[in-house]
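Read the figures in this text as sums done on the coordinates, not as results from a lab. Computed from a predicted structure; not experimentally measured. Because the Cβ atoms are built from the backbone with ideal geometry, glycine has one as well, and the counts that use them run over all protein chains shown.
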Amino acid sequence: MIWLAIPAIAATGYYCLALIAAACWRPGSRPGAPAPAVSILKPVHGRDPRFYEAILSHARQEYPEFEILFGVGSSSDASLQDIEQLKREFPALRIEVVVVRTNAPNAKVGVLKELARRARHDVLLVNDSDIVVEAGYLRAVTSPLQDAGVGLVTCLYRAGAESWASRAEALGIATEFAPSVLVARLLGVAEFALGSTMVFRRAVLAEIGGFAAIANYLADDYQLGCRISRLGKRIVFAPVVVETNLGGATWGETWRHQLRWSRTIRVSRASGYYGYVVTHATLWGLVALAGGQWIAGGAALAVRVVAGVWIGAGILGDRKVKRDFWMIPLRDLFGFAVWVAGLFGDTVQWRDKQLKLRADGRIVE
């Protein structure tokens, strides 16, 4: 039964790499040089939980010059009331709302294309509508662009949650997804960006063909990062962590969201997705324990939890991780079920649309 210990040993090795990556993690610095003017592009579809808190955290930034452009698909979008309130509260800040009708398969990218056309500044910042940022965020994410070799700046994120289902998903983001990002960077896989923040120059966007070049892909953040990386530009992480909000999602909503994420990764980076099988330390630890391989199984479970808590609580600053760490094994088994389901099928649910994924990552409705 010794062979049952092999996957557990491999998973232990992976999370040991995560511990090394956490010890070596050095995001970009916070230089104090003058900051470039920024256009913040925010595609919006409906009113996410904590939406006003999110947009307020952007408007409050102490930064020399910036604007916020919101793109909605309908003049009756539920978010407009909050945006109008923001405009009243910050009359000196340029805040523009654009109603965008688009036929792009990825409607979000179709909106971004129009917002970029209307933006006044040469540095563009794209992030999701529910992202809450800290004071000093704009300086932190734009400073790395002073290096001409940097093509895009992104950042890690944590998630707020209310229900048990969303708490489990937030725990996965902090203790499984974030470690995978750190390990990838440690191993030199650096061509991806995270939708939590993407900051780049307008000229670099033009070099890859603009937003139109990625309008047929669901994983627009991955495609943007990958194409900028192919220009020979570096993608760096800013020294800030932002926060998204998962709200009170049900288990069904969490399953659909995670499955969309899994299938999207599979068609974007198939080799990486299949390689994730080794990262399921809880599963392989339990398999080893069931086969009497106590040391291998115990080590896999222990190192997995330690790495998750260190990165989630220590690097992301997610205080919920210390409270919910006992859920890690249960969440991991749920995550493995999602990973298996992600191996099959080519349809995903994205908001109110059913989308079909092609083998090359393109989508059709």
Packing-wise, with mean Cβ within 10 Å as the measure, how do 36-42, 186-192, 294-300 rank, highest first? 36-42, 294-300, 186-192
Low-density loop positions, trypsin sites (Lys or Arg not before Pro), the range 102-144 - DSSP coil, at most 16 other Cβ in 10 Å: ARG120
So what's the chain giving for Rg/Rh, alpha carbon basis, Kirkwood Rh from the mean inverse pair distance? 0.97
By the mean-Cβ-within-10 Å protection proxy, highest first, 194-205, 83-94, 330-341, 173-184 rank as 173-184, 194-205, 330-341, 83-94
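Expressed as cubic angstrom per residue, what is the convex hull volume of the alpha carbon set of the range 124-217? Show your work: numbers first, answer last.
Working: hull volume 12.5 nm³, N = 94.
Normalising the Cα hull of the range 124-217 by residue number yields 133 Å³.
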If each Cα of the range 67-181 is one equal point scatterer, what is log10 of I(q)/I(0) from the Debye formula at q = 0.09, 0.15 Å⁻¹? -0.34, -0.95
Using the charge dipole of the chain (Lys, Arg: +1 at Cβ; Asp, Glu: -1 at Cβ; taken about the Cα centre), state which of PRO329, ASN127, GLY210 has its Cα farthest towards the positive end. GLY210
Helix-only mean residue ellipticity at 222 nm, the chain, DSSP H runs n ≥ 4 weighted -39,500 (n - 2.57), per residue, nearest 500. What is it? -13500 deg cm²/dmol
Could you give me the ³J(HN,Hα) list for the range 92-106, computed from phi with Karplus coefficients 6.51, -1.76, 1.60 and θ = phi - 60°, whole Hz, x at Gly and Pro? 7, 8, 6, 10, 10, 10, 10, 8, 10, 9, 9, 9, 4, x, 9
Looking only at the chain, where both bridge partners belong to it, what percent of the DSSP beta bridges are antiparallel (to the nearest 5)? 35 percent
Show me the helices of the chain, taken as full DSSP H stretches, that run 24 Å or more along their long axis by Cα and average 0.0 or above in Kyte-Doolittle hydropathy. 5-24
Of every Cα-Cα pair in the range 90-152, the percentage lying beyond 16 Å is 62 percent
Burial-style ranking of 244-250, 18-24, average other-beta-carbon count within 10 Å with highest first, yields 244-250, 18-24
